[in-house]
Structure formats: structure tokens, C-alpha cells
Amino acid sequence: MNTFVEAKGFRIPLVGLGTWALRGRDCARLVEQAIRIGYRHIDTAQMYDNEEAVGEGVRASGMRGDVMVTTKVQPTLLSPPDLERSVKQSLAKLRIDHIDLLIIHWPNPRVPLAETLGAMAKMKQEGFTRAIGVSNFTVALLEEATKVSTEPLVCNQVECHPFLNQDKVIAACKEHDMALVAYSPIARGGAMGNAVLERIGTAHGKTAAQVSLRYLVQQGIVVIPRTSKRERLEENFAIFDFDLTDAEMREIHGLSAANDRIVDWSWSPNWD
Ligand SMILES: NC(=O)c1ccc[n+]([C@@H]2O[C@H](COP(=O)([O-])OP(=O)(O)OC[C@H]3O[C@@H](n4cnc5c(N)ncnc54)[C@H](OP(=O)(O)O)[C@@H]3O)[C@@H](O)[C@H]2O)c1
């Protein structure tokens with residue numbers, strides 16, 4: 001099995017490290033360790049307040065050229081001048097030559113999408129990032145975005161795990177040749193203790209978290225699990241040496257419900 005997906009010709013490693021809530025020296029060390037273990041995709045955001053530490057970890061690994069670094073533009077900074085300024089600040093914090101994948105963190109209905117996407121395209125054309133994408137976009141917003149964007153959008157990063165049914169957005173991403181990047185892919189640790197995932201894991205000599213991640217990557221979905229523990233970095237990466245059967249995939253899909261979100265969307269339209 002490949003360890004990456006391609007979307008509009010842009011290659012995205014299937015397993016990345018999520019870094020929300022990781023900070024300072026610990027964050028830098030974990031990023032460096034993850035890259036040494038084999039991770040080639042690191043996910044940060046302006047909002048996480050850890051871009052300096054992420055950049056430090058990437059540089060310390062000595063493998064910058066092999067690693068895809070994603071950052072996300074804060075939803076309060078989506079007007080073109082704010083976006084451009086913030087991307088330059090992100091690069092200065094990361095202290096790397098360019099961003100690999102620049103994402104709109106969350107839509108902001110107060111700023112016309114075409115304006116934001118115009119600024120994102122400019123960032124790509126001027127070499128600040130190699131590719132652009134979106135996050136937390138509904139199917140309707142994806143349709144609008146793909147129509148107005150002048151540069152290819154390579155991903156939609158959304159909450160995705162065995163307990164949340166994301167069939168519609170998965171289908172929309174496929175239709176537009178975009179990768180779906182799953183955040184909270186082990187349901188913030190909630191996969192552990194689930195009877196079905198535990199039983200299937202035992203049958204393969206794997207943990208419930210590994211089954212949750214394998215279930216996603218086996219569908220071509222990119223996962224960005226976060227951990228603050230070195231041993232779990234290894235565990236979350238060791239998902240390419242087993243296959244779930246069709247029956248197991250169906251059983252896991254049966255755990256999902258339409259509205260079982262962890263991340264609260266109710267605050268999103270209330271930007272100042
Ligand atoms: N675009 C967005 O709006 C958005 C929203 C949310 C998240 N994200 C991104 O997605 C990443 C991942 O999502 P997330 O942090 O919400 O949730 P997650 O990766 O599903 O879960 C992280 C939690 O699970 C625990 N964990 C990690 N590996 C484990 C394992 N093998 N066994 C048991 N527990 C384990 C971690 O604890 P320990 O530290 O103790 O291991 C942590 O508490 C974030 O870090 C961020 O980069 C993006």
C-alpha cells in the first residue's frame with residue numbers, strides 16, 4: 001500500500017503528526033522524533049501558537065526537504081491584506097523556506113470566499129506555499145470554493161473518525177480530486193475502549209487506536225493523530241503492516257452517526 005495520496009498531482013503523506021496543544025521544547029522534540037520514526041507530514045496552525053517549535057523540530061531532524069509542513073490561516077485573518085501578512089509571519093516563525101500546504105482553517109462568512117481564495121492563490125504564485133487547501137468546509141462550500149479558486153485546492157481537513165459519518169464530504173472530495181485530511185482521527189482518544197475496535201485490534205495484534213487510523217487510511221483518507229508521548233508516535237505510525245477485511249471495514253462504518261462531532265461548530269459563524 002502507498003504511504004501517500006495524490007490530489008491534483010500534489011503528494012500528501014497518509015500519516016501526519018497533529019500538533020494542536022503541543023508547545024515549546026516538548027513540541028519541537030516530538031516533531032523531530034516523529035520525523036526520525038518516519039513521519040513525513042506535520043500539521044500546525046497559526047491558532048496553535050507553536051509554529052516556532054514545529055519549525056525548530058523540522059530543522060533539527062535534518063530532513064526538511066522530505067517533510068511536508070502544513071499551516072492554517074486563522075479565520076479572523078481571511079481578508080487579503082491580513083492573510084498575506086499572517087502567512088509571512090507564519091514563515092518567519094517556522095523559519096523554513098516555504099510552507100508546503102497552506103490551508104484556510106475555518107470559513108468566515110464575513111469575508112467573501114473569492115477574495116480569500118484570491119489571496120491564497122497569490123501566496124502560492126509568489127512561492128510562499130507549494131499548495132493550498134481548506135478546512136471545515138461543508139459540501140456546499142466546497143462546491144463554491146472549487147468554482148472560484150484560480151489555483152487547485154488539494155484538500156479539505158475535517159473531523160473524521162469511526163464515530164462520525166462523513167460519507168457526503170468524503171464523496172465530494174473524491175469528486176473534486178481533493179484529499180480528505182482527517183482531524184481527531186482517533187476521536188481524541190475515544191477509540192480506546194470501544195468494544196468493536198478493541199476486538200478487531202486484538203485479532204490483528206493491534207490497538208483500537210491503530211484500527212481507527214487503519215480504517216481511515218485504507219479508504220485513502222489522510223490522518224493526523226496527535227500525541228504527546230514518544231511510544232504513541234511509533235504506535236500511530238505502525239499501521240501499514242496489516243489489512244482490515246471488508247467485513248471489518250463495514251462493521252467499523254456501522255459505528256458512525258451523523259452528528260457525533262467532538263469539535264463544536266456552533267461558534268464558527270460568530271466571528272467579530
Ligand atoms: N482543522 C481543524 O479545525 C482541526 C481541529 C482539531 C484538530 N486538528 C488537527 O488534528 C490533530 C489531531 O486531532 P486531535 O488532536 O483533536 O485528536 P486525536 O489525534 O484524535 O487525539 C489526540 C488525543 O488522543 C490521545 N492519543 C494519541 N494517540 C493515542 C493512542 N495511540 N492511544 C490512546 N490515546 C492516544 C492523545 O493523548 P496523549 O498526548 O496522552 O497521547 C490526545 O489526548 C490536531 O492535533 C490538529 O493538528 C485540526
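The values are calculated or read from the model by the stated rules, or taken from the named source; none is laboratory data. Since the structure is predicted, the reported quantities are computational estimates derived from the model, not experimental observations. Methodologically, a virtual Cβ is constructed for each residue, glycine included, from the backbone with ideal geometry; neighbour enumeration extends over all protein chains shown. These area figures cover heavy atoms from the full protein model, side chains too; ligands, DNA and RNA do not enter into them. Shrake-Rupley method; radii C 1.70, N 1.55, O 1.52, S 1.80 Å.
Which one is least open to solvent (accessible area, probe 1.4 Å) among residues in the range 236-260 that are closer than 18 Å to LEU164 by Cβ, in contact with a helix residue (DSSP H, G or I) (Cβ under 7 Å, 6 or more places away or on another chain) and touching a residue at least 60 places away in the same chain (Cβ under 8 Å)? Of everything passing the filter in the range 236-260, ILE252 is least open to solvent (accessible area, probe 1.4 Å).
Considered as a group, the residues in the range 171-186 that are within 23 Å of VAL69 (Cα to Cα), among the aliphatic types (A, V, I, L, M) and not in a loop (DSSP other than H, G, I, E, B) include one that is farthest from the ligand (Cβ to nearest atom), and that residue is ALA179.
Residue selection: TYR215 fails the criterion of being of a type in the set (Ser, Thr, Tyr) and in contact with a strand residue (DSSP E or B) (Cβ under 8 Å, 6 or more places away or on another chain).
Of all residues in the range 12-46, those satisfying the criterion of being away from the ligand (no atom under 11 Å from the Cβ), surrounded by fewer than 16 Cβ atoms within 10 Å (Cβ to Cβ) and of a type outside the set (A, V, I, L, M) are ARG23, GLY24, ARG25, ARG36, GLY38. For first residues located in the range 83-100 and within 11 Å of GLY127 (Cα to Cα), partners that are open to solvent by 40 Å² or more (accessible area, probe 1.4 Å) and not hydroxyl-bearing (Ser, Thr, Tyr) and lie 6+ apart or on another chain with Cβ distances below 7 Å form the pairs HIS98/GLY127; HIS98/PHE128; HIS98/ARG130; ILE99/PHE128; ASP100/ARG130. When the range 188-208 is limited to residues that are open to solvent by 10 Å² or more (accessible area, probe 1.4 Å) and within 11 Å of the ligand (Cβ to nearest atom), the one that is farthest from THR138 (Cα to Cα) turns out to be LYS206. The residues of the range 1-11 that are over 20 Å from SER61 (Cβ atoms) and surrounded by fewer than 16 Cβ atoms within 10 Å (Cβ to Cβ), listed by number, are MET1, ASN2, GLU6, LYS8, GLY9. Does ILE262 satisfy being more than 8 Å from the ligand (Cβ to nearest atom), touching a Lys or Arg at 6+ places or on another chain (Cβ under 7 Å) and part of a loop (DSSP other than H, G, I, E, B)? Against the criterion (more than 8 Å from the ligand (Cβ to nearest atom), touching a Lys or Arg at 6+ places or on another chain (Cβ under 7 Å) and part of a loop (DSSP other than H, G, I, E, B)), ILE262 does not qualify. For the residues GLU231, GLU248, GLU151, the requirement of being of a type in the set (Asp, Glu), within 13 Å of the ligand (Cβ to nearest atom) and under 23 Å from PHE4 (Cα atoms) singles out GLU231. Would it be correct to say that LEU216 is within 18 Å of SER135 (Cα to Cα), open to solvent by less than 40 Å² (accessible area, probe 1.4 Å) and part of a helix (DSSP H, G or I)? Yes; evaluated as a whole, the condition is true for this residue.
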